[in-house]
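Here is the structure we will look at, set down as structure tokens.
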Amino acid sequence: MKKVFREEPGIRIAGEADSAPALLSLLRRTAADVLILDVNLPGRSGLDVLTDLRSEFPSLRILMLSMHPDDALAVRALKNGAAGYIAKTAAPAEIVEAVRRIAQGRRYVSPSLADHLADAVATGHPAEPHTSLSPREYEILCHLGAGRTVTEIAGMLSLSVPTVSTYRARILEKMDMTTTAELIRYAVTHRLTE
């Protein structure tokens, strides 16, 4: 990606970070107009980081990059303040177009995602149950879907086991389910596993 942007006139790479703390540190000392933020950051969900960035850097325009071309995840990112959403599998020219559009103060979603979202609105399909989850609940659902235990998730997210258990209970209630097995099946079916 860096090679693609280096060859584009009018675009300058201000920096690169490999974790949420490194990103926040970089943004505090380096000005940027557009940030490409991976949904799957090590140790912390990009959606959680997005919420922090919106409060600390309100003028920063953020393009979420994901390996999941999932409309529900895109809607969640846009609702949480992202200016755009694009899959990692997108052609380099499309990513450049997305960055340019976002830099102009506009929003960006891929044409295929826009079609899918328009179809969902036109047909009146109800929102998927996981779209009602908070960013942290969604992150924990994804970890559960990947087969991780409450203890493993607690360690990964630096939370206590009872806190993760409370999140799990809230997820079950919001999604009208009763067992972790149901959550896992749902996450796998909807490709929400990490």
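The values are calculated or read from the model by the stated rules, or taken from the named source; none is laboratory data. Here the structure is a predicted model, which means the values were calculated and not measured. A quick note on method: Cβ atoms are made from the backbone with ideal geometry, for glycine too, and the neighbour counts reach across all protein chains shown.
Table for the structure above
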| read-out | value |
| --- | --- |
| Close pairs (8 angstrom Cβ cut-off, 6 or more residues apart or separate chains): aliphatic (A, V, I, L, M) in the stretch 1-17, surrounded by fewer than 12 Cβ atoms within 10 Å (Cβ to Cβ) anywhere | Ile13/Lys2; Ile13/Arg6; Ala14/Thr30; Ala14/Ala31 |
| Test: residue in the stretch 13-31 that is at pLDDT 90 or above, surrounded by fewer than 19 Cβ atoms within 10 Å (Cβ to Cβ), in contact with an Asp or Glu (Cβ under 6 Å, 6 or more places away or on another chain) and among the aliphatic types (A, V, I, L, M) | no |
| Residue among Pro135, Pro111 that alone is surrounded by fewer than 19 Cβ atoms within 10 Å (Cβ to Cβ) and closer than 30 Å to Glu7 by Cα | Pro111 |
| Which listed residue, of Thr193, Thr163, Thr180, is in contact (Cβ under 8 Å) with a residue 12 or more places away in the chain, surrounded by 15 or more Cβ atoms within 10 Å (Cβ to Cβ) and more than 17 Å from the chain's Cα centre (by Cα) | Thr180 |
